[in-house]
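Presented below is the structure to which this report refers.
The values are calculated or read from the model by the stated rules, or taken from the named source; none is laboratory data. These numbers come from a predicted model, not from an experiment. Ideal geometry is used to build each Cβ from the backbone, glycine not excepted, and the neighbour counts take in all protein chains shown. Just so you know, the surface numbers come from the protein's heavy atoms only, side chains and all, with ligands and any DNA or RNA stripped out. Shrake-Rupley method; radii C 1.70, N 1.55, O 1.52, S 1.80 Å.
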Number of protein chains: 4
Amino acid sequence: VDTFEKLSELFNRFPGIGPRQSRRFVYFLLGQSPQYAAELSRLIAELPRSVASCRSCFRYFPASAHSDLCGICGSSRRDTSLLMVVERDADLESMEKSRAYQGRYFVLGASIPILEKNPEETVRLRQLKQRIEQEGTTLSEVILAMSLTTEGEHTMEHIAACLRPMAEEFDFKISTLGRGLSTGTELEYSDATTIANAFKTRT
Amino acid sequence: VDTFEKLSELFNRFPGIGPRQSRRFVYFLLGQSPQYAAELSRLIAELPRSVASCRSCFRYFPASAHSDLCGICGSSRRDTSLLMVVERDADLESMEKSRAYQGRYFVLGASIPILEKNPEETVRLRQLKQRIEQEGTTLSEVILAMSLTTEGEHTMEHIAACLRPMAEEFDFKISTLGRGLSTGTELEYSDATTIANAFKTRT
Amino acid sequence: VDTFEKLSELFNRFPGIGPRQSRRFVYFLLGQSPQYAAELSRLIAELPRSVASCRSCFRYFPASAHSDLCGICGSSRRDTSLLMVVERDADLESMEKSRAYQGRYFVLGASIPILEKNPEETVRLRQLKQRIEQEGTTLSEVILAMSLTTEGEHTMEHIAACLRPMAEEFDFKISTLGRGLSTGTELEYSDATTIANAFKTRT
Amino acid sequence: VDTFEKLSELFNRFPGIGPRQSRRFVYFLLGQSPQYAAELSRLIAELPRSVASCRSCFRYFPASAHSDLCGICGSSRRDTSLLMVVERDADLESMEKSRAYQGRYFVLGASIPILEKNPEETVRLRQLKQRIEQEGTTLSEVILAMSLTTEGEHTMEHIAACLRPMAEEFDFKISTLGRGLSTGTELEYSDATTIANAFKTRT
């Protein structure tokens, strides 16, 4: 059997990569120096043991012998009364870049598809509940920070519904990110909810 | 000379219409009933005298013998302490649809291009200052409601700079619409300012 | 009732124009000089009587008291043994610009939608048959020059099927335009039929 | 140093992959089973020695101990009087899928950028000349099968100019693929050259 075809099939499973681009990837590799392919191969082999999933928030971080907590969860300077729930590591990175938030995180790992029958198997809902069960008394607010896409809003509603009984039990608030004008948004094409909120949160 | 060519040239000046689509418009008209063309011709001829520009906010409204004020400016139920400055009529329409705002408006008529040397000739800046001169003592806030495009932000900054001395003199606040997540926005692709504000305005 | 709304509704029926752009057209007209609107109105009113449909090929041409034939059909220099059938006037214009063809035309007026039950009411099929009935003995070839879109190919097949009996009776050929690489086409993304034909017609 | 960052930097060099998608690739790998990463790593390491470049046409093919010629160059059933020059392996694959061509190939390896000063270092021009030098007497035609993009046409012209003296010396024809309507092409938007050729090659 054929290395070219098998490799292009594996690339084909990469997110957003179709059969044509996956073949182009293999041709690209063939055109690179053997060192490049060797280095790429080595790093991919190393990846699973060099990156760990944080025991507390489940984000990925450079594996270390000293701790199974990521830098944020292990830090004593983060506000432990705030917990922000995000869909993916990339969302957490965006939020950190904004430097607006000083609390801690929980990474669901994915969003919940609209017709998903077993959301517990798609996202880390069980682990989220378990964490809140443990830390509930210190929490004052859980922020659901999902994208404003159909799937993001669906995820937000599902998580909110699941957390509501715990919010009452432990007396914390459930909040969501504010709507408003994003960079590039034209007023004329904005929906009424966005505009109403942009007006309310004017500064 | 040729009616087809002259007509297609006039359509070519319509916003967003290139030479190809303007010809297509003429072919479309040729394919419609003579009644359609007659009605279109009549309405276009009527337009200038059937629509007036409001004496106070400059938005367009159905001309009437009774008043040179539009329905909003003539209404006694709008909050006269708030003045929202928008680029175009369509922005005003979007804001009205949101039902979030109960104050009054001023329509600049356009946005100010980045390299414009004479902004006073592009937008109704003189008329805006004149209106604030007259109503300044009743104003508590002027809201600059521009799109978050490069040109919109440029317009916002220019208008803000022009109004600042009057804001001190008459003691009103200058505000801008709040930033946040718009419908469809993905957290991962949002800029830091938007995310920071979405966090601050969480509900 | 409201001139603005009625006018924007009429623009809304223009090809490719949605409700938003149609309102923008009205705002655009309001921003132009009254002369512009008057001229536009006048030309639209004039259009039906200043443009005629050619008695023979049905294309539009500047109406004249002298002839009900367009410049091409009335010319003695065009090859009367060739008849090219096109969907729309714009296709005919493209073909003329190429200067490759010296025969005559027939304009169907539209393409036939895939699920159309009465193609005779969508395109000038009856008139096409009638013309071939009259000129059949002088014809050596009928060229079906449709776009290579799904609807264009459907139209091509339907017309071909309708003309086949007449082609036998009058002994003319039915041909279609050659496939090959168009400007901008990448070999990698071309379908097998296009590539095979591009190879066959290499020069 | 960080495996995640180093790996995402290597993916960033893949064709068409920006910094965001390259990070997404790493997150994707982290979410897959260790077997997937191991297999991917193994195949990438194997690639350079499992795929060879054909001694005659330079296309990639599964390496074998028996031959340094690819299946096409080694076949006795291909017409040795025809040589088709293509930019990339993917173009050769498209041509083979069309089953229209029974001759042999030469893969340039790339296209020549418009302002390239040393085309000989960008594409296998020297090797192409060398091959024609050897096989010139058996050749009746060299087909330049480039994409109809600006860069493709530039490549075509450069190669044609380089081969012209050899074409005279060895008496072979230099041809290019035929232009015409591609699938999806609309007649109205086609350029004059394409339309003229589509008319000439009608069938």
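What the table shows:
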{"read-out": "Scan of the stretch D:70-125 for residues that are polar (S, T, N, Q) and either touching a Ser or Thr at 6+ places or on another chain (Cβ under 8 Å) or surrounded by 13 or more Cβ atoms within 10 Å (Cβ to Cβ) (or both), ordered by number", "value": "D:Thr80, D:Ser81, D:Ser94, D:Ser98, D:Ser111, D:Thr122"}
{"read-out": "Selection count where residues are facing chain C (nearest Cβ under 8 Å) and either of a type in the set (A, V, I, L, M, F, W, C) or open to solvent by less than 40 Å² (accessible area, probe 1.4 Å) (or both), scope the stretch B:48-68", "value": "2"}
{"read-out": "Residue among C:Lys117, C:Lys129 that alone is out of contact with any Leu (no Cβ under 7 Å at 6 or more places or on another chain), in contact (Cβ under 8 Å) with a residue 24 or more places away in the chain and not hydrophobic (A, V, I, L, M, F, W, C)", "value": "C:Lys129"}
{"read-out": "Residues of the stretch B:169-185 that turn out to be surrounded by fewer than 17 Cβ atoms within 10 Å (Cβ to Cβ), on the phi < 0 side of the Ramachandran plot and either facing chain A (nearest Cβ under 7 Å) or assigned to a helix (DSSP H, G or I) (or both), as a count", "value": "2"}
{"read-out": "From C:Arg55, C:Arg88, C:Arg99, residue being in contact with a strand residue (DSSP E or B) (Cβ under 8 Å, 6 or more places away or on another chain) and either without any contact (Cβ under 8 Å) to a residue 24 or more places away in the chain or not hydroxyl-bearing (Ser, Thr, Tyr) (or both)", "value": "C:Arg88"}
{"read-out": "In the stretch B:145-168, the residues that are away from chain A (no Cβ under 14 Å) and in contact with an Asp or Glu (Cβ under 8 Å, 6 or more places away or on another chain)", "value": "B:Met166"}
{"read-out": "Members of the stretch A:20-47 found to be open to solvent by 10 Å² or more (accessible area, probe 1.4 Å), more than 7 Å from chain D (Cβ to nearest Cβ) and either over 19 Å from D:Pro15 (Cβ atoms) or within 27 Å of the chain's Cα centre (by Cα) (or both), listed by number", "value": "A:Arg42"}
{"read-out": "Subset of the stretch D:125-151 (residues that are touching a helix residue (DSSP H, G or I) at 6+ places or on another chain (Cβ under 8 Å) and outside any loop (DSSP other than H, G, I, E, B))", "value": "D:Leu125, D:Arg126, D:Leu128, D:Lys129, D:Ile132, D:Glu133, D:Gly136, D:Thr137, D:Val142, D:Ile143, D:Leu144, D:Ala145"}
{"read-out": "Subset of the stretch A:1-19 that is buried (at least 17 other Cβ atoms within 10 Å of the Cβ) and among the hydrophobic types (A, V, I, L, M, F, W, C) - its residue that is farthest from D:Gly16 (Cα to Cα)", "value": "A:Phe4"}
{"read-out": "Test set (1) touching a residue at least 40 places away in the same chain (Cβ under 8 Å); (2) within 14 Å of chain B (Cβ to nearest Cβ); (3) out of contact with any Pro (no Cβ under 9 Å at 6 or more places or on another chain) - A:Thr138 fails condition number", "value": "(2)"}
{"read-out": "Considering residues of the stretch D:145-168 that are free of Cβ contacts under 8 Å to residues at least 60 places away in the same chain and within 13 Å of C:Leu181 (Cα to Cα) only, the residue surrounded by the most Cβ atoms within 10 Å (Cβ to Cβ)", "value": "D:Leu148"}
{"read-out": "Residue pairs meeting the criteria (Cβ under 7 Å; at least 6 apart or on separate chains; first closer than 22 Å to B:Val107 by Cα, in the stretch C:28-39; second open to solvent by 60 Å² or more (accessible area, probe 1.4 Å) and part of a helix (DSSP H, G or I))", "value": "C:Pro34/B:Pro48"}
{"read-out": "Any hit, the stretch C:105-122, residues being at pLDDT 95 or above and of a type outside the set (A, V, I, L, M, F, W, C)", "value": "yes"}
